[in-house]
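Q: I have a structure I would like to understand better, so I am pasting it below and will then ask my questions one at a time.
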Amino acid sequence: MRVRAARKSKVQVQPGMFTPPIVLNQVKGFLADAEATALYEAAASVSELGPVLEIGSYCGKSTICLGLACQQQNSLLFAVDHHRGSEEHQPGELYHDPELYDAGEKSIDSFREFRRNIRRAGLEESVTPIVAGSAQAARYWRTPLAMVFIDGGHSLEAALTDYRCWAGHLLRGGILAIHDIFPDPGMGGQAPYTIYRMALESGLFELIEQVETLALLRRL
Ligand code: SAH
Ligand code: MG
């Protein structure tokens with residue numbers, strides 16, 4: 001299939017355009033305020049080109065930021081997460097949240113909380129949840145994407161899978177966003193930083209900016 005070259009987006013994103021819905025502060029998650037704003041602005045700047053996809057929705061914090069931008073541009077966000085949690089969310093691990101543990105199933109289930117938050121934010125018609133692992137969701141994927149946000153598992157294998165499965169679907173001019181970038185190994189895990197380096201070294205991406213631990217790259 002031929003993918004048409006993306007036009008440069010005409011949408012001018014003004015600083016201060018992002019008015020986070022009240023619900024955002026009540027959503028459990030792992031996203032700083034400046035990162036939330038940067039995600040929204042990035043999606044708003046390209047989502048008229050096509051749909052946006054995120055890997056790693058958890059309870060919907062990043063989903064609400066991206067979904068709001070999609071709603072305003074009449075675009076769509078695909079939110080990929082198996083909702084079984086990453087390594088660090090499992091019982092006994094540092095970021096385990098007992099409220100998200102389904103004792104009957106003996107596993108994490110963040111989907112119920114995710115759905116509740118997406119409904120409260122009024123985004124049910126702008127967000128399409130895909131409850132599956134990243135590689136499974138990618139198997140028959142053919143749709144070119146305006147933006148991909150990678151915030152799933154942090155093992156090297158998971159991060160490499162996300163990059164290999166999804167970066168190739170970006171339209172030219174689209175945005176690859178990667179969360180949890182720590183150039184200093186003393187500050188955090190290196191898997192997201194590794195795929196960030198791979199993207200830059202491929203020559204297919206240029207750095208737009210980094211906001212706290214969020215890197216935004218442009219597909220050339
Ligand atoms: N973006 C979220 C935080 C994501 S936490 C926020 O803004 O708060 C990481 C999420 O990635 C978890 O919900 C976990 O279930 C999911 N995840 C981990 N590995 C995955 C995989 N291989 N495929 C899909 N989702 C995955
Ligand atoms: Mg993260």
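Q: Does A38 satisfy the criteria of being more than 11 Å from the chain's Cα centre (by Cα), on the phi < 0 side of the Ramachandran plot and within 16 Å of ligand 2 (Cβ to nearest atom)?
A: For A38, the condition - more than 11 Å from the chain's Cα centre (by Cα), on the phi < 0 side of the Ramachandran plot and within 16 Å of ligand 2 (Cβ to nearest atom) - is met.
Q: Looking only at the range 115-158, count how many residues are of a type in the set (G, A, S) and away from ligand 2 (no atom under 16 Å from the Cβ).
A: 9
Let's see how each residue does on (1) in contact with a Leu (Cβ under 9 Å, 6 or more places away or on another chain); (2) part of a helix (DSSP H, G or I); (3) among the acidic types (D, E); (4) farther than 23 Å from A159 by Cβ:
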| residue | (1), (2), (3), (4) |
| --- | --- |
| E35 | yes, yes, yes, no |
| Y40 | yes, yes, no, yes |
| L49 | yes, no, no, yes |
| E54 | yes, no, yes, no |
| T63 | yes, yes, no, no |
| L66 | yes, yes, no, no |
| C70 | yes, yes, no, yes |
| F78 | yes, no, no, no |
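Q: Among the residues of the range 90-109, is there at least one that is closer than 30 Å to L49 by Cβ and either more than 10 Å from ligand 1 (Cβ to nearest atom) or in a loop (DSSP other than H, G, I, E, B) (or both)?
A: No, because not a single residue in the range 90-109 is closer than 30 Å to L49 by Cβ and either more than 10 Å from ligand 1 (Cβ to nearest atom) or in a loop (DSSP other than H, G, I, E, B) (or both).
Q: Restricting to the range 62-80, what's the tally of residues that are buried (at least 24 other Cβ atoms within 10 Å of the Cβ) and under 10 Å from the mean Cα position of the chain (by Cα)?
A: The total comes to 7.
Q: Find the residue count for the range 70-94, including only residues that are touching a residue at least 60 places away in the same chain (Cβ under 8 Å) and out of contact with any strand residue (DSSP E or B) (no Cβ under 6 Å at 6 or more places or on another chain).
A: Adding up the residues that qualify gives 6.
Q: Given S202, S155, which one is exposed (fewer than 14 other Cβ atoms within 10 Å of the Cβ), small (G, A, S) and either under 13 Å from the mean Cα position of the chain (by Cα) or within 12 Å of ligand 1 (Cβ to nearest atom) (or both)?
A: Exactly one residue qualifies, and that residue is S155.
Q: Any residue at all in the range 122-139 that's of a type in the set (S, T, Y), without any contact (Cβ under 8 Å) to a residue 12 or more places away in the chain and closer than 23 Å to Y163 by Cβ?
A: Looking for residues that are of a type in the set (S, T, Y), without any contact (Cβ under 8 Å) to a residue 12 or more places away in the chain and closer than 23 Å to Y163 by Cβ, one finds none in the range 122-139, hence no.
Q: Here is a check on your reading of the model: is G152 within 20 Å of A32 (Cβ to Cβ) and touching a His at 6+ places or on another chain (Cβ under 6 Å)? Steps first, please.
A: Numbers: within 20 Å of A32 (Cβ to Cβ): yes; touching a His at 6+ places or on another chain (Cβ under 6 Å): no.
Taking the combined requirement at face value, the residue does not satisfy it.
Q: Specify the residue that is surrounded by the fewest Cβ atoms within 10 Å (Cβ to Cβ); the eligible residues are those in the range 158-199 that are outside any helix (DSSP H, G or I), on the phi < 0 side of the Ramachandran plot and touching a residue at least 60 places away in the same chain (Cβ under 8 Å).
A: My answer is R172.
Q: Here's something else I'd like to know. Can you pull out every residue in the range 45-69 that is over 17 Å from F30 (Cα atoms) and within 16 Å of ligand 2 (Cβ to nearest atom)?
A: L53
Q: Please state which one of Y140, Y58 is crowded, with 24+ Cβ neighbours inside 10 Å, in a loop (DSSP other than H, G, I, E, B) and not small (G, A, S). Working first, answer last.
A: On the way: Y140 fails: crowded, with 24+ Cβ neighbours inside 10 Å.
The conditions single out Y58.
Q: Look at the range 200-220 and say how many of its residues are more than 19 Å from L66 (Cβ to Cβ), of a type in the set (A, V, I, L, M) and either touching a residue at least 60 places away in the same chain (Cβ under 8 Å) or part of a loop (DSSP other than H, G, I, E, B) (or both).
A: Number satisfying all stated conditions: 2.
Q: Only residues that are in a loop (DSSP other than H, G, I, E, B) and either among the polar types (S, T, N, Q) or crowded, with 20+ Cβ neighbours inside 10 Å (or both): list them for the range 110-127, please. Before the answer, list the steps.
A: Going residue by residue through the range 110-127, those that are in a loop (DSSP other than H, G, I, E, B) are 110, 121-126.
Result: S110, A121, L123, S126.
Every read-out reported here was derived from the displayed coordinates using simple, explicitly stated rules and does not represent laboratory data. In this text the structure is predicted, and so the values were computed from the model without any measurement. Quick reminder, even Gly has a Cβ in these numbers, built from the backbone with ideal geometry, and neighbours come from all protein chains shown.
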